[in-house]
Amino acid sequence: MATTLQKWGNSLGIRVPKTIAEQLHLTTGTTVEFETTAGVLTIRPIRRRRKPKLSALLSEFKPRHRQGELHTDGPRGAELL
């Protein structure tokens, strides 16, 4: 599939055909990076990592990793129990 570069201000713009955009889940505002190697231009979308949810992190927590209480010798001050 081919496309034509077009002038866009002082730069050149590339139009991504709809079928390719759909295959790669590209939408308006998607950030891409350019890489050149031996005369070949590669355009790659930058995928942002989503922050994991607390529930997902806790589901990976193994009971064997639980630590006991740090102080087990009783209250030392005016703690409310």
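Structure values in brief
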item	result
Estimated 222 nm signal from helices in the chain, with DSSP H stretches of n ≥ 4 weighted -39500 (n - 2.57), rounded to 500	-4000 deg cm²/dmol
Of Arg49, Arg64, Arg15, the one that fluctuates the most in a GNM where the chain has Cα springs shorter than 10 Å	Arg64
Over the chain, relative contact order from alpha-carbon pairs under 8 Å, at least 6 apart, %	13
Anchor Lys62: lysines whose Cα lies under 24 Å away (excluding residues fewer than 8 positions away in-chain)	Lys51, Lys53
Relative contact order (percent, whole number), the stretch 1-48, Cα cutoff 8 Å, 6+ residue spacing	22
Largest-first principal axis extents, alpha carbons of the stretch 1-64, Å	60, 27, 25
Using θ = phi - 60° and Karplus 6.51 cos²θ - 1.76 cosθ + 1.60, couplings along the stretch 25-42 (whole Hz; Gly, Pro as x)	6, 8, 9, 4, x, 5, 8, 10, 10, 10, 9, 10, 9, 6, x, 10, 9, 10
Additional length obtainable on full extension of the chain from Ala38 to Ile20, 0.36 nm per residue less Cα span	4.1 nm
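Only the coordinates and a few stated rules stand behind these numbers; no lab work does. All figures in this text were calculated on a predicted structure; none of them were measured in a lab.
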